[in-house]
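Asker: First the structure, then my questions, so here it is.
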Amino acid sequence: RHRLRLPAETDPESEAEMRALFVAMDEADEGTLGVEAVLRGIRRVRGLQNVPSDNADKRILAFDADRDGRLGPDEFRRAAERYLRAMREAEEECWEQQQTMTKIRSAWALKLDQLAQERAARLDGLSPPDGGSGADA
């Protein structure tokens, strides 16, 4: 049992990889994939071992154009391409959010530094220059 991988891109060069992935998932050599075969195949893809199966049939069969309850090679390719696009979009969104969080943390640290400097300056202004108690003798 070997690990499967999704093609990195959905361009013409990845067609052979997509076909190979379909063939690897079509263990019964039926030329179509049922929901269980798709789920088994997905769980063999690196990073997708714990994909939840709740509503999986609806998600998978949403790409079943001929409504036969199975995915043929073209239906599978469309589903995989849409999945890859969604995965890249989610990764980009997470990257953007991470960048935003990094900027927020940096701005917050800068603001804390400014507040600390202001506080230190105020405290320095309150203490007498000779370091005494501040009371006139």
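Taken together, the values in this text are just the output of simple stated rules run on the coordinates, not laboratory data. From a predicted model like this one, the values you see are computed outputs, not experimental measurements. Here the Cβ is made from the backbone with ideal geometry for all residues, glycine too, and neighbour counts use every protein chain on show.
Asker: Using the Karplus equation 6.51 cos²θ - 1.76 cosθ + 1.60 (θ = phi - 60°), what ³J(HN,Hα) coupling, rounded to whole Hz, does each residue of region 54-67 give in order, writing x for Gly and Pro?
Answerer: 5, 6, 4, 4, 5, 5, 6, 6, 4, 9, 7, 5, 8, 6
Asker: From the phi of every residue in region 91-105, what ³J(HN,Hα) in whole Hz does the Karplus formula 6.51 cos²θ - 1.76 cosθ + 1.60 yield, where θ is phi - 60° and glycine or proline is x?
Answerer: Once θ is set to phi - 60°, the couplings for region 91-105 become 5, 5, 5, 5, 4, 4, 5, 5, 4, 4, 5, 5, 5, 4, 4 Hz.
Asker: Run through region 65-99 and list the trypsin sites (Lys or Arg not before Pro) located in a DSSP loop whose Cβ has at most 16 other Cβ atoms within 10 Å.
Answerer: Arg67
Asker: What Kirkwood hydrodynamic radius, in Å, does region 12-93 give when the mean of 1/r is taken over all pairs of distinct Cα atoms and then inverted?
Answerer: Averaging 1/r across every pair of different Cα atoms and inverting gives 13.1 Å.
Asker: To continue, here is another question. Using modelled amide H (1.01 Å from N, peptide plane; none on Pro or chain starts), what sits under 5 Å from the amide H of Phe63, excluding residues fewer than 5 places away?
Answerer: Excluding prolines and chain starts, which carry no amide H, there are no hits.
Asker: Give the calculated FRET efficiency between Arg40 and Ala20 to the nearest 0.05, with a Förster radius of 22 Å applied to their Cβ-Cβ distance.
Answerer: Step by step, r from the Cβ atoms, then E = 0.85.
Asker: Please report the net charge: other residues with Cβ closer than 13 Å to the Cβ of Lys103, K and R +1, D and E -1.
Answerer: Around Lys103, the surrounding residues sum to +1.
Asker: Quick one: which residues, 5+ away or cross-chain, put their amide H under 5 Å from the amide H of Leu33? H built at 1.01 Å from N.
Answerer: Leu71, Gly72
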